[in-house]
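**Q** To start, I am sharing the structure in question, which I have written as structure tokens.
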Ligand SMILES: [Zn+2]
């Protein structure tokens with residue numbers, strides 16, 4: 001590791017949702033049944049809090065309103081550890097499935113609850129499954145109108161479920177003066193943007209590739225990276241609902257047992273901080 005990349009602070013982020021709430025499971029497990037499933041998010045999020053505390057890292061936790069309402073103590077624990085509390089919307093509904101009015105009500109309700117529970121202002125928002133793209137950029141105006149200061153909702157890659165491949169790779173103000181959009185990290189290589197910021201890609205690629213990609217962004221481009229993970233990604237023992245399609249199974253369960261070890265390496269190999277401190281200060 002060179003000193004230069006040690007000096008660049010990257011943003012460590014966690015999307016706080018349970019294993020059965022991911023968008024790929026939506027066709028199999030509907031919202032109405034969520035309350036009947038034994039939750040694992042509290043335990044798994046506490047494990048991530050421990051990992052971060054061990055490395056003295058503070059990050060940003062994009063939390064579902066649905067989770068916050070049921071686990072207010074978890075929200076307070078996140079804040080007590082010095083992390084930034086941010087919004088992941090109420091119930092993981094993709095923005096592409098919402099009208100502007102529904103979206104506005106969703107993000108306002110989530111922000112209010114998170115602020116009431118934590119006693120801290122909520123500045124950040126991340127869309128379920130990075131579901132802001134060319135079809136619904138109005139959502140960025142709604143976020144500004146409802147008092148958010150930044151969004152981390154557009155992934156500048158090509159993917160079958162999300163992405164906006166032509167979008168900028170680094171933070172920018174929407175329409176020049178609007179809300180700050182902070183994209184997940186990609187590496188520009190051979191004419192394409194390659195996802196290098198976490199989630200399923202972090203589990204699929206060898207750790208060395210993620211490290212190479214992030215170093216390239218830190219050192220060659222002099223830019224901070226944005227990395228994301230989920231509490232369920234460090235939980236190989238999670239129940240496996242029946243009937244999932246092959247692609248969904250592959251993506252969700254791949255290398256879950258390796259995530260925790262890789263996260264420890266990642267926390268050691270780079271400098272980390274909260275989204276607001278990396279991008280708003
Ligand atoms: Zn999510």
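**Q** What FRET efficiency, computed as 1/(1 + (r/R0)^6) with R0 = 30 Å and r the Cβ-Cβ distance, is obtained for residue 173 and residue 209, rounded to the nearest 0.05? All intermediate terms of the calculation are to be shown ahead of the outcome.
**A** Details: r = 31 Å, r/R0 = 1.04.
Rounded to the nearest 0.05, the efficiency is 0.45.
**Q** Relative contact order, percent, of the chain when contacts are C-alpha pairs under 8 Å separated by at least 6 residues? Numbers along the way, then the final one.
**A** On the way: 505 pairs, mean separation 71.2, N = 281.
The normalised contact order for the chain reaches 25 percent.
**Q** In whole angstrom, and with the biggest value first, how far do the Cα coordinates of segment 1-87 range along each principal axis?
**A** 50, 27, 19 Å, listed from the longest principal axis down.
**Q** With each run of n ≥ 4 DSSP H residues scored as -39500 (n - 2.57), what mean residue ellipticity at 222 nm is computed for the chain after dividing by its residue count and rounding to the nearest 500 deg cm²/dmol?
**A** Value at 222 nm, helices only, nearest 500: -11000 deg cm²/dmol.
**Q** Still on this model: Give me the log10 of I(q) over I(0) for the chain at q = 0.11, 0.13 Å⁻¹, as the Debye formula computes it from C-alpha points; what are the numbers?
**A** Per q value, in the given order, log10 I(q)/I(0) is -0.58, -0.84.
**Q** So, one more: Would you mind putting 235-246, 130-141 in packing order, based on average other-beta-carbon counts within 10 Å, highest first? Let's see the in-between values first.
**A** Numbers: 235-246: 12.1, 130-141: 19.6.
The peptides rank, most packed first, as 130-141, 235-246.
**Q** Give me 214, 204 ranked fewest to most by other Cβ atoms within 10 Å of their Cβ, as a rough exposure proxy.
**A** Ranking 214, 204 by Cβ neighbours within 10 Å, fewest first, gives 204, 214.
**Q** Using alpha-carbon pairs under 8 Å, 6+ residues apart, how would you state the relative contact order of segment 1-106 in percent?
**A** After rounding, I find 30 percent.
**Q** Quote the relative contact order of segment 62-113 in percent (integer), defining contacts as alpha-carbon pairs under 8 Å separated by 6+ residues. Provide the component values of the computation, followed by the final result.
**A** On the way: 47 pairs, mean separation 24.0, N = 52.
It comes to 46 percent, rounded to a whole number.
**Q** Peptides 113-124, 144-155, 58-69: what's the order by average Cβ count within 10 Å, highest mean first?
**A** Per-residue Cβ counts within 10 Å, averaged per peptide and sorted highest first, yield 58-69, 144-155, 113-124.
**Q** Determine the equivalent ellipsoid of segment 117-228 by diagonalising the alpha-carbon gyration tensor, then write out the semi-axes as square roots of 5 times the eigenvalues, largest first, rounded to whole Å.
**A** Each semi-axis is √(5λ); the values are 25, 16, 14 Å.
**Q** So, one more: Order 38-46, 170-178 from most to least packed using the mean count of other Cβ atoms within 10 Å. Each step should come with its number before you reach the end.
**A** Details: 38-46: 17.0, 170-178: 13.1.
Ranked from most to least packed, the peptides come out as 38-46, 170-178.
**Q** Now, a different point. Step by step: find N for segment 186-281, compute 2.2 N^0.38 Å, then divide the Cα radius of gyration by it. What's the final number?
**A** This ratio for segment 186-281 stands at 1.20.
Read-outs throughout are calculated quantities, based only on the coordinates presented, and are distinct from any laboratory measurement. In this text, all values refer to a predicted model and were calculated from it rather than measured experimentally. Heads up, the Cβs are rebuilt from the backbone with ideal geometry, glycines too, and the neighbour counts pull from every protein chain shown.
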